[in-house]
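The values are calculated or read from the model by the stated rules, or taken from the named source; none is laboratory data. None of these values were measured; they are calculated from a predicted model. As a convention, Cβ positions derive from the backbone with ideal geometry for all residues, glycine included, and neighbour counts pool all protein chains shown.
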Amino acid sequence: MTSAGSKIRAYQLDKLGNLDGLVLAERDMPSPGVGEVLVRVRASSLNFRDMMILNGVYPAPVPPGRVPLSDGAGEVVEVGASVKRFKVGDRVINSFFPNFFGGSYNVMPEQWVVAFDGWLTEYKAVSAEALVSMPEHLTFEEAATLPCVAVTAWSALSGVRAGDTVLTQGSGGVSLFALQLAKALGTRVITTTTNPVGAARLRELGAHGWPWRGSGRGGRRTRNAGAVDQSRRLWRPGVHGGGSGRRRGRHRLHVHVHEPGEVPADRDGQPS
């Protein structure tokens, strides 16, 4: 049990637009209600969405005083009435949408930071239905990166089977998780990037090759850098939200898939 009447620390967004509005505040220790648990937050992660909120450009309104960050991991320290899913000591991760449980939806589910305080706090009382058990082999820091981008990537790979070829875009959070998950499924992964340094890291994670944007030798024409090349039977997952790279609309690009050991060419086809 936690100490009733004690204080905790939490960051809150007193105003939006820049970091000056992010303030460390003192709050009362929350108490779990019926169906809730009290989580000691051990780690939180930062997503692009959180930067949009901080900078005041997120499409949904955010009330002043909200605790930021949508992803967190921690341990249950107190259990409210009627909770049967968790016990004290369990390690948990939050779901990205606290009241959305699957299937399709016609309206946007409630969101952390918009409808509820987020996870940049020491303790948080939350519905047990908005949590899942944390994999035992992960650290809190690792687990805190899963709710937003990892689940997006996992959803995008629905239907992928061993032996398929998957094309990802860039080196953003969603694309990095999609690459690793696709490799775990036994697929061949090709990824797009214009950055040789990023390409080296993508290879370390298992990417087989990458289309190099530009009109270099051996280039082939596609609708955009993440398009399907039917001649190579590349399948494009619906990766969104965290992949880097701008949408090119209907503009045509020349890309060249570099195989292992091949020297990348610059935009004019010269070795870089």
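Some observations on this one:
- Total residues in the range 89-112, condition under 20 Å from PRO135 (Cα atoms) and loosely packed, with under 13 Cβ neighbours inside 10 Å: 2
- Just one of (1) part of a loop (DSSP other than H, G, I, E, B); (2) in contact with a strand residue (DSSP E or B) (Cβ under 9 Å, 6 or more places away or on another chain); (3) of a type outside the set (A, V, I, L, M) fails for GLU142. It is (1).
- Between GLY102, GLY56, the distinction of being in the same structural domain as GLU136 (by TED's automatic domain parsing), closer than 26 Å to SER155 by Cα and among the small types (Gly, Ala, Ser) belongs to GLY102 only.
- Restricted to the range 134-187, and to residues there that are more than 22 Å from ASP50 (Cβ to Cβ) and in the same structural domain as ASP50 (by TED's automatic domain parsing), the residue that is surrounded by the most Cβ atoms within 10 Å (Cβ to Cβ) is PRO135.
- Residue within the range 117-127 that is at pLDDT below 95, among the small types (Gly, Ala, Ser) and not in a strand (DSSP E or B) present: no
- Any pair with Cβ under 6 angstrom, 6 or more apart, that starts in the range 20-47 at a residue that is on the phi > 0 side of the Ramachandran plot and ends at one that is surrounded by fewer than 15 Cβ atoms within 10 Å (Cβ to Cβ): GLY35/SER82
- Scanning the range 149-190 for residues that are under 27 Å from SER70 (Cα atoms) and assigned to a strand (DSSP E or B), we see that the one that is modelled with the highest pLDDT is THR168.
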